[in-house]
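Everything below concerns the one structure shown next.
Bear in mind these aren't lab numbers, they're just calculated from the coordinates by the rules spelled out. Only a predicted model underlies this, so the values are computations on that prediction, with no experimental measurement involved. FYI the Cβ positions are ideal-geometry reconstructions off the backbone, even for glycines, and counts take in every protein chain you see.
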Amino acid sequence: MDPLITIETLAPAAYARSLDELADLLHHCVAAGAPVGFLWPFSPADARAYFADLVPAVDAGKRIVIVAKAEGRIVGAMQLDLDMPQSQPHRAGGRKLLVHDSVRKRGVGTALMYAMEDEARSAGRTLVDFIAVAGGAPEKLYVSIGYTVAGVIPHYDRRPDGTPCDTAVLYKHLI
Ligand SMILES: CC(C)(COP(=O)(O)OP(=O)(O)OC[C@H]1O[C@@H](n2cnc3c(N)ncnc32)[C@H](O)[C@@H]1OP(=O)(O)O)[C@@H](O)C(=O)NCCC(=O)NCCS
């Protein structure tokens, strides 16, 4: 990865201080058309509200937020959801990989994914799964680092402009 970019897990206090920067990143990605769960119109305030809603989960250690920084500023983010049903103590969910387009194709997304997996292992989890838009750059990245596409659900989601898109269900057993 680009040596000027660092990866770090945000402790709860740092997460609370980072809401505006995380919101900037999410708003930037959605404005550019990334299908990550939101429809236009999507304001910076909407993006901040999404991350603010996660504060209790981050405080409780149920949601881990990992960021990439360049010159001290957040340029990428990935989340690990540890809040699973009682019967799935071995499982964790990957959530919302976001990389600012100014630093794409430098290995930041891949580094965030590996950092997320390290956090999952540290929490004793041996299976990570998530959904992602099918057939695009994100799916290619996930498969390149060992994720398996369990299947594709047609018209599962919508892009920010409202057009339907297909969604891949991905998983990886951590060893
Ligand atoms: C998908 C996304 C996270 C990828 O982030 P990224 O930081 O560009 O990912 P990486 O750099 O690790 O890998 C992307 C590509 O760059 C290549 N790459 C990595 N390091 C590189 C380097 N130093 N030089 C040249 N290419 C490099 C990778 O091999 C990969 O190539 P490929 O597309 O041919 O497979 C980013 O495009 C993004 O944030 N998109 C918008 C949000 C989104 O859709 N998120 C996914 C939700 S499911």
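General remarks:
- Residue in segment 149-162 that is without any contact (Cβ under 8 Å) to a residue 12 or more places away in the chain and within 23 Å of Leu25 (Cα to Cα) present: no
- The single condition among (1) away from the ligand (no atom under 11 Å from the Cβ); (2) under 10 Å from the mean Cα position of the chain (by Cα); (3) of a type in the set (D, E, K, R) that Lys96 does not satisfy is (1).
- Filter pass, Phe38 being under 16 Å from the mean Cα position of the chain (by Cα), closer than 23 Å to Val108 by Cβ, within 16 Å of the ligand (Cβ to nearest atom) and assigned to a loop (DSSP other than H, G, I, E, B): yes
- Matching residues in segment 88-106 - criterion: being surrounded by fewer than 16 Cβ atoms within 10 Å (Cβ to Cβ) and either of a type in the set (A, V, I, L, M) or farther than 14 Å from Val36 by Cβ (or both): Gln88, Pro89, His90, Ser102, Arg104, Lys105
- Within segment 20-45, the residues that satisfy the criterion of being within 16 Å of Gly72 (Cβ to Cβ) and of a type outside the set (D, E, K, R) are Leu22, Leu25.
- Residue identified as touching a Cys at 6+ places or on another chain (Cβ under 7 Å) and basic (Lys, Arg) among Arg158, Arg104: Arg158
- Of the set (1) more than 8 Å from the ligand (Cβ to nearest atom); (2) in a strand (DSSP E or B), all apply to Tyr114 but (2).
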